[in-house]
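Reading through the structure tokens given below for one structure.
The values are calculated or read from the model by the stated rules, or taken from the named source; none is laboratory data. Treat the numbers as computed from the prediction; the structure is a model and nothing was measured. Note: ideal-geometry Cβ built from the backbone for every residue, glycine included; neighbour counts use all protein chains shown. Areas reflect the complete protein model, heavy atoms only, side chains present, ligands, DNA and RNA absent. Shrake-Rupley method; radii C 1.70, N 1.55, O 1.52, S 1.80 Å.
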Amino acid sequence: MSNYHIENLEEYFQVYRQSIQNPELFWEEIAKENFLWRKKWDNVLTWNFSKPEVKWFEGAKLNITENCIDRHLDTRADKTAIIFEPNNPDEKAEHISYKQLHEKVNKFANVLKSKGVKKGDRVCIYLPMIPELAISTLACARIGAIHSVVFAGFSATALATRINDSDCKLLVTSDGSYRGAKKIDLKGIVDEALESCPGINNVLVAKRIHTDVFMKPKRDYWLEPLLKEAAIDCSAEIMDAEDPLFILYTSGSTGTPKGMVHTTGGYMVYTAYTFKNIFQYRENDVYWCTADIGWITGHSYILYGPLCNGATTILYEGVPSYPDYGRFWEIVEKHKVNQFYTAPTAIRALAKEGVSHLEKYNLSSLKVLGSVGEPINEEAWHWYNDNVGKKKAPIADTWWQTETGGIMISPIPYVTPTKPTYATLPFIGIQPTLINENGKEINGNQVSGNLCIKYPWPSMARTIWGNHQRYKETYFSAYENMYFTGDGALRDEVGYYRITGRVDDVIIVSGHNLGTAPIEDAINEHPAIAESAIVGFPHSIKGNALYGYVTLKEAGKNKELSALKKEINQLITEQIGPIAKLDKIQFTNGLPKTRSGKIMRRILRKIAEKDTSNLGDISTLLNPECVQEIIDNAHN
Ligand code: PRX
């Protein structure tokens, strides 16, 4: 295990150099010594970014659940693998040991098999943060089915789109979910979605809120009786390292969501290795990531990374504000959490409520703090560092993406000196670079540009499900021989990276990626609306909020504009989900356009940001007159 854990800065630089000078040798050694393979690889890496094609550990055979569960049974059978902390603090937490997890995953896997699920089939999982979510995900991996977890905050339409895109044949859901004080009728959403999903033959339904729900005969089955009857043994399907493990959808700036495909071997090696080092996980630590398993953070750093290391990982069902804003800290105290990983938006929301909620709890167990999903602003960084970490628990500001599978740029706590708002240095094996407006690599420090990665890493997504061309165009066409991240970044005088934000039409709201096109499409479905444009503007808690400029087909002939605003947000909620609702809606007589008819979002963005001092040359627009009108009526 010597090469598996970085201890100091000198070692980081040394190991980093090795990983860059001879990546294949480096990853081969990590893979060889720290994982359970049924057969070793013939080739460590083959790659070609122009196709693009990337293969790690080709020819190797394994099952990731044997690495996450079975291999711990000799030494950690009774160790807690998952602590389930329910939404309601009065409900008892559940501790699931590695041995119990083994049994539960096997049983679930047998239920999937009994419903005809086989290796390579796609299974959609639409569940709240309850143990069945972790178990069903792992059960798919056990039998080689490809899981597609859809965040349970998505609407029926969004769920149906994702189910159909990857042609899922079975869906796992629950009767409902708790979210703070609210109960959500998940099964109702599923029923609506399935009206347009002919490929789903079976629905497995977990009981969570114990309400009466409609159960369609020969399609819907309660899980509990099936699990009771299922056999406790299920041998793991032996997979190729490059067999798909899962599909996870992420928003693009245009079109339908992109089903990012992650494969088995490289994903396992990279998520496990980053987890160990970035969270500095030690054998008896309790680790908590507050993300939802419906996002990549939950896949990699609630499930696969921690379990591969035999860690204890917390699965929290609820929200930071229920029953009050002390809930996170109560959980930290209760389970003596050592590593805590959350998003800047949560930190800002908690900071706003003041430190009194924190002061009631003992947070001395915390050793490492993590941040993910969006840039962390200076104020939030200091609040987190001073009040949560008491200046003793370093912050790992981790930059990465659904597409990258694992953390790419981050300090290694206790190794890399931190700097507020900086994700700092590339992780081992990662070769970032900045590209200028002429498409050239920028050397030296104190520079900024578009962030790209020059060399493959084991956990990168291999394709977009059903659309390799789109994968190529989105990530490998902007610059030759580079993976383009879609983010802008700067590099300071010592080579630390600071991520400045998206440079495309994706807006990050409360840590969620939202493409502008799908939101505009939803709005434009309204019969009274001619067209719309969405931009982001700074928001003190969400990071960014959405500003919609909307033109009506027949101005003046409409009902109350306030009623129309409600209908717009209703449409967005139905098509995408409440996370994509607009904070501000402005009705305009026109949208600024180029002579070729393209909406000039740059101008709209500046107006939404209340920064109209320098709009650039607007005289070349098709309709420059609308700009002043928009400025005059903005933010009303
Ligand atoms: O813009 C970056 C931002 O989130 C995007 C990726 O979003 P998603 O695929 O949903 O994955 C989020 C969780 C890994 C990135 O392109 N982002 C993520 N982490 C950071 C960040 N921006 C700044 N700092 C970060 N630490």
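Specify which residue in the list Thr474, Pro518, Thr500 is farthest towards the positive end of the charge dipole of region 472-524, using unit charges on the beta carbon of Lys, Arg (+1) and Asp, Glu (-1), about the Cα centre.
Thr500
Placing +1 on the Cβ of each Lys and Arg and -1 on the Cβ of each Asp and Glu in region 6-159, which of Pro89, Gln14, Thr65 has its Cα farthest towards the positive end of the resulting dipole?
Thr65
Straight-line reach only, C-alpha to C-alpha below 18 angstrom: list the aspartates and glutamates that Lys542 could link to, leaving out same-chain residues fewer than 8 apart.
Output for Lys542: Asp292, Glu353, Glu374, Glu378, Glu379, Asp397, Asp505, Asp583, Glu609.
Let me know the shape class of region 114-164, please: from the alpha-carbon gyration tensor, a ≥ b ≥ c as square roots of the eigenvalues, rounded when a/c is under 1.5, otherwise prolate if a/b is greater than b/c, or oblate.
Working: a/c = 2.63, a/b = 1.36, b/c = 1.93.
Oblate.
Quick check: pseudo-label points 7 Å beyond the Cα along Cα→Cβ at Asn467 and Lys390, how many nm apart are they?
It works out to 5.0 nm between the two label points.
With every protein chain left in place, what is the accessible area per residue of the chain in square angstrom, probe 1.4 Å? Working shown, then result.
Values: 24570 Å² over 636 residues.
I get 39 Å² per residue for this part.
Could you work out how far apart the two model spin labels at Lys454 and His5 are, taking each label as a point 7 Å from the Cα in the direction of the beta carbon, and quote it in nm?
It works out to 3.2 nm between the two label points.
What's the FRET efficiency of Leu615 with Lys39 using the Cβ-Cβ distance as r and R₀ = 60 Å, to the nearest 0.05? It would help to have the intermediate numbers written out before the result.
Values: r = 61 Å, r/R0 = 1.02.
My answer for the efficiency is 0.45.
Would you work out which of Thr342, Leu204, Asn436 lies farthest towards the positive end of the dipole of the chain, given +1 charges on the beta-carbon of Lys and Arg and -1 on that of Asp and Glu, about the Cα centre?
Leu204
Between Gln18 and Ser114, what FRET efficiency follows from the Cβ-Cβ distance if R0 is 45 Å, with the result rounded to 0.05?
On the way: r = 48 Å, r/R0 = 1.07.
Once rounded, the FRET efficiency stands at 0.40.
Run the simple label-point estimate for Lys419 and Glu229 please: 7 Å along Cα→C-beta, distance reported in nm.
Simple spin-label model gives 6.2 nm for this pair.
Could you give each residue of region 14-20 its phi-based ³J(HN,Hα) in whole Hz, using Karplus coefficients 6.51, -1.76, 1.60 with θ = phi - 60°, and x for Gly or Pro?
The phi angles translate into 5, 5, 4, 4, 4, 5, 8 Hz.
Pulled fully out, how much extra length does the chain show between Asp74 and Met215, if you take 0.36 nm times their separation in residues and subtract their Cα-Cα distance?
Working: separation 141, 0.36 × 141 = 50.76 nm, distance 4.14 nm.
This chain segment gains 46.6 nm when fully extended.
Restricting the count to DSSP beta bridges whose residues both fall in the chain, what percent are antiparallel, rounded to a multiple of 5?
Values: 57 of 97 bridges.
Of those bridges, close to 60 percent are antiparallel.
Dipole size in debye (nearest 20) for region 410-474 around its Cα centre, Lys and Arg Cβ +1, Asp and Glu Cβ -1?
Details: 6 positive and 3 negative charges, 30 e Å.
In debye, rounded to 20, region 410-474 gives about 140.
Full-extension gain between Arg605 and Gln628, please, as 0.36 nm times their residue separation minus the C-alpha to C-alpha distance.
Values: separation 23, 0.36 × 23 = 8.28 nm, distance 1.42 nm.
In short, 6.9 nm is gained.
Sort 308-316, 408-416, 94-102, 472-480 by packing, meaning the average of other beta carbons within 10 Å per residue, with the highest value first. Write out the running numbers ahead of the final one.
Working: 308-316: 23.8, 408-416: 22.2, 94-102: 19.3, 472-480: 16.7.
The peptides rank, most packed first, as 308-316, 408-416, 94-102, 472-480.
Taking a spot 7 Å from the Cα of Ile442 along the direction of its beta carbon, which residues of region 475-518 have an amide N less than 15 Å from it?
Hits in region 475-518 for Ile442 at 15 Å: 485-503.
So what is the 222 nm mean residue ellipticity for the chain from helices alone, if each DSSP H run of at least 4 adds -39500 (n - 2.57) and you divide by all residues, rounding to the nearest 500 deg cm²/dmol? Mind showing how you got there, number by number?
Numbers: 20 runs with 186 residues, N = 636.
Rounded to the nearest 500, the figure is -8500 deg cm²/dmol.
Which are the unpartnered cysteines of the chain, meaning those with no other cysteine Cβ under 4.7 Å from their Cβ?
Cysteines of the chain left without a disulfide-compatible partner: Cys68, Cys140, Cys197, Cys234, Cys289, Cys308, Cys452, Cys626.
What figure, in Å² to the nearest 10, do you get for the accessible area of Lys392 with a 1.4 Å probe and non-protein molecules left out?
Counting only protein heavy atoms, Lys392 exposes about 150 Å² to solvent.
Rounded, prolate or oblate: which fits region 500-636 when a ≥ b ≥ c are the square roots of the eigenvalues of the alpha-carbon gyration tensor, with rounded for a/c under 1.5 and prolate only if a/b beats b/c?
Numbers: a/c = 1.60, a/b = 1.08, b/c = 1.49.
Judged from the Cα gyration tensor, region 500-636 comes out oblate (a/c at least 1.5, b/c at or above a/b).
Could you please tell me the mean projected area of the C-alpha convex hull for region 406-552, averaged over all directions and given in square nanometres to one decimal? Walk me through the intermediate numbers first.
On the way: hull surface 45.5 nm².
For the Cα atoms of region 406-552, the hull's average projected area reads 11.4 nm².
May I have the extent of the alpha carbons of region 1-124 along their three principal axes, as whole Å values ordered from largest to smallest?
The Cα atoms of region 1-124 stretch 52, 41, 30 Å along their principal axes.
If the only charges are +1 at each Lys and Arg Cβ and -1 at each Asp and Glu Cβ, what is the size of the charge dipole of the chain around the Cα centre, to the nearest 20 debye? Let's see the in-between values first.
Values: 71 positive and 76 negative charges, 99 e Å.
The calculated dipole for the chain is roughly 480 debye.
Express in nm, to one decimal, how much length is gained between Glu333 and Lys566 on full extension, taking 0.36 nm for each residue of separation and deducting their alpha carbon distance.
On the way: separation 233, 0.36 × 233 = 83.88 nm, distance 4.15 nm.
Between Glu333 and Lys566, full extension yields 79.7 nm more.
For His539, project a label point 7 Å along Cα to C-beta. Then give me every residue of region 576-619 with its amide nitrogen under 12 Å of that point.
578-585
Taking region 237-325 on its own, what percent of its Cα-Cα pair distances exceed 16 Å? Walk me through the intermediate numbers first.
Working: 2402 of 3916 pairs.
Roughly 61 percent, once rounded to a whole number.
Charges only on Cβ, +1 for Lys and Arg, -1 for Asp and Glu: so what's the dipole of region 120-202 about the Cα centre, in debye to the nearest 20? It would help to have the intermediate numbers written out before the result.
Numbers: 8 positive and 9 negative charges, 56 e Å.
Here region 120-202 has a charge dipole of around 280 debye.
Once the cut-off is 32 Å, how many percent of the Cα-Cα pairs in the chain end up in the long-distance tail? Don't skip to the answer; put the middle values down first.
Numbers: 98161 of 201930 pairs.
Tail of P(r) above 32 Å: 49 percent of Cα pairs.
Using a 1.4 angstrom probe on heavy atoms only, work out the carbon and sulfur share of the accessible area of the chain in %.
Using a 1.4 Å probe with all protein chains present, the chain comes out at 47 percent carbon and sulfur.
May I ask what percent, to the nearest 5, of DSSP beta bridges between residues of region 350-464 are antiparallel?
Values: 7 of 11 bridges.
In region 350-464, DSSP labels about 65 percent of beta bridges as antiparallel.
Using only the alpha carbon atoms of region 424-467, find the Kirkwood hydrodynamic radius as the inverse mean reciprocal pair distance, in angstroms to one decimal.
Details: mean 1/r = 0.0810 Å⁻¹.
Over region 424-467, the inverse of the mean reciprocal pair distance is 12.3 Å.
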